[in-house]
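One structure is given here, and the rest of the page talks about it.
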Amino acid sequence: MGLTFGLLSPNKGIEHVLKALPAVIRDVPNFVYLILGATHPALVRSEGERYRISLERMAKELGVQKHVSFYNRFVELQELTEFIGAADLYITPYLNPAQAVSGTLAYAFGCGQAVISTPYWHAEELLADDRGVLVPFADSAAIGRKIIALLSDDRRRHAMRKSAYQLGREMTWSHVAELYLKSFQDARRSRIHVPKPLAVKTLEEQPLELPSMNLDHLMRMSDSTGILQHACYSIPNNHEGYCTDDNARALILTVLLEDLGKDSRALHQAASSYAAFLNYAFNPESGRFRNFMSFDRRWIEQDGSDDCLGRAIWALGTCVGRSRRRSLQAWAVQLFERALPASARTTSPRTWALSLIGIHEYLRRLSGDRLVNHMRDTLTHKLIDLYEHSATDDWPWFEDVASYINAKLPHALILALAAGPIPGTRSRSSTRRAGRWSGRTSPRMTRRIAAASSGRQ
């Protein structure tokens, strides 16, 4: 059995696997291809189940409907691992070469599954050294050949699975935590055992201990379009283009430097480029931001990730709240107001958190904006509800797993709750919730948030 799982959308490239099946079943008559996962909610809102139906119709036209199964629902982790374990191959035919991460690939790899994948960035890195098989983008013939080859070579397939599983053990949260702990311990020991030189410095000499700020690499990575995503050592890597995520981060940096009084003509020009990129990235039809752009200035996708939306809102709020350039403020206010509603329509707690940080910055200057204050309350409630649903005494966290940019979730709540009472919290039926979230955090919750923010959770 071959398996592809995740939220169904056209960028997954599933149609190219379907086109490979006629050749596969001639050699492997009992082969079944399972497509596991519900259709992406954004796709359902815009066009219903049209894409899924088109795939089903394609399977019938190819005469492979007896070898294709659609499992149209979201499955929990335990059930997902059972599906991965039952499969002989995991197939990830993504079409976007700039796919920097793939949760589905990480799950399959960590479970020790043999993988056939297109060469997007995450797959290229993870599947190197024969830990998986790469095929060209949109190449059904190549996909078919690799499926047949792996299914007919048990020894290679099992060696591949073993290699993937062994490397996957090094990527578990517990192992990564151990590595961090060892690094901290090594650093502490080095400070204990290295004798401190006896030296007397004047007050004038002491500031020289901090290195001066050097923005050469930032400027080297930036051009009239924006900031490039990656570099080869210190050389900009034009091949991998730009993304809204990084331009939002760069815009935040330039505004914070301006706020610290470290402004310059070069920073002004760079900030204008980053702002122009965000402005161009905004898609007025969806109210969201495109993310990936090739070096020849072509958008690779129409709507970027939820994280991209959150970071853009954070950057715009920072421009409003901290920039001294009135033109930048005025532009940011307009785009902020157009983009903000989309954050409440996502299901991503990270988008909520990043948007809340942007709202906090926005309200530094425009504290009387009723609509933005209302959105702050809405997103705060979403995070609180998520925490109350997931947290236990031995797992004080917003989700049942530790993921990424974890500190931003408590960071956002700290900012939101420090701004004042959140309307609606006192009306909750649960006394426990009302006591914890009545506009002030309880001492217990304060300790939990602080611990999570510092990385102890």
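Brief remarks on what is shown
- Gain on full extension, evaluated as 0.36 nm per residue between Leu260 and Ser390 minus their Cα-Cα distance, stands at 42.9 nm.
- Sorted ascending by nearby beta carbons within 10 Å, beginning with the fewest, Phe184, Phe336 become Phe184, Phe336.
- Beta bridges per DSSP with both ends in the chain, % antiparallel, nearest 5: 40 percent
- Spatially proximal aspartates and glutamates relative to Lys162 (Cα-Cα < 14 Å; intrachain offsets below 8 disregarded): Asp88, Asp129, Asp130, Asp154, Glu170
- Residues Lys66, Lys19, ranked from the fewest to the most other C-beta atoms within 10 Å, line up as Lys66, Lys19.
- With each label modelled as a point 7 angstrom along the Cα→C-beta vector, the Ala106-Gln269 pair spans 3.9 nm.
- Relative contact order for region 2-135, counting Cα pairs under 8 Å that sit 6 or more residues apart, in percent: 27 percent
- Per residue, the convex hull around the alpha carbon atoms of region 317-384 comes to 70 Å³.
- Annotation note: GluC sites (Glu not before Pro) in region 65-153 located in DSSP loop regions with a Cβ neighbour count of at most 14 within 10 Å are Glu76.
- Order of Thr378, Thr39 under a 10 Å beta carbon neighbour criterion, fewest first: Thr378, Thr39
- Reachable aspartates and glutamates from Lys408, criterion Cα separation under 19 angstrom, eight or more residues apart if same chain: Asp245, Asp246, Asp306, Asp307, Glu361, Asp377, Asp385, Glu388, Glu399, Asp400
Values in this text are rule-based calculations from the coordinates and carry no lab data. Remember, predicted model here, so these are calculated numbers, not experimental data. We place every Cβ from the backbone using ideal geometry, glycine too, and count neighbours over all the protein chains shown.
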